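Since the structure comes first, as structure tokens, the remarks are kept for the end.
Readers should treat all values here as calculations from the given coordinates under stated rules, not as data from a laboratory. Note that the structure is predicted; figures quoted are calculated from it, not measured. Cβ placement follows ideal geometry from the backbone for every residue including glycine, while neighbour counts extend to all protein chains displayed.
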């Protein structure tokens, strides 16, 4: 397992301390958890942006987001993203 060291603004460190107390976690566990959650959100956002732009198929977006096609469908619906297009429709239907 690698080690990451970072300097953060005092306000962010204060929020982290509040999070540690609230969740009853040690600092390393909390930072790992928050980093993982942040990267999960980033992957989903990236996949949805590419899907909306028509750069990738629906099934590829699910792969990038690391979610099922059903979960991606819900995320796309929440953001009012329409993904149905002629070029990837057949591939997406086969993946379902």
Quick note on 8, 67, ordering by fewest other C-beta atoms within 10 Å, gives 8, 67
Dividing the mean separation of Cα pairs under 8 Å (6+ apart) by the residue count of the chain yields a relative contact order in percent of 21
A chain fully extended from residue 45 to residue 11 at 0.36 nm per residue, minus the present Cα-Cα distance, gains in nm 9.7 nm
The alpha-carbon center of segment 55-75 and that of segment 1-19 are separated, in whole Å, by 31
Listed with the fewest Cβ neighbours within 10 Å leading, 63, 15 appear as 15, 63
Quick numbers on the chain, Rg and Dmax over C-alpha atoms in Å, give 17.9, 52
From fewest to most C-beta neighbours within 10 Å, the residues 24, 32 line up as 24, 32
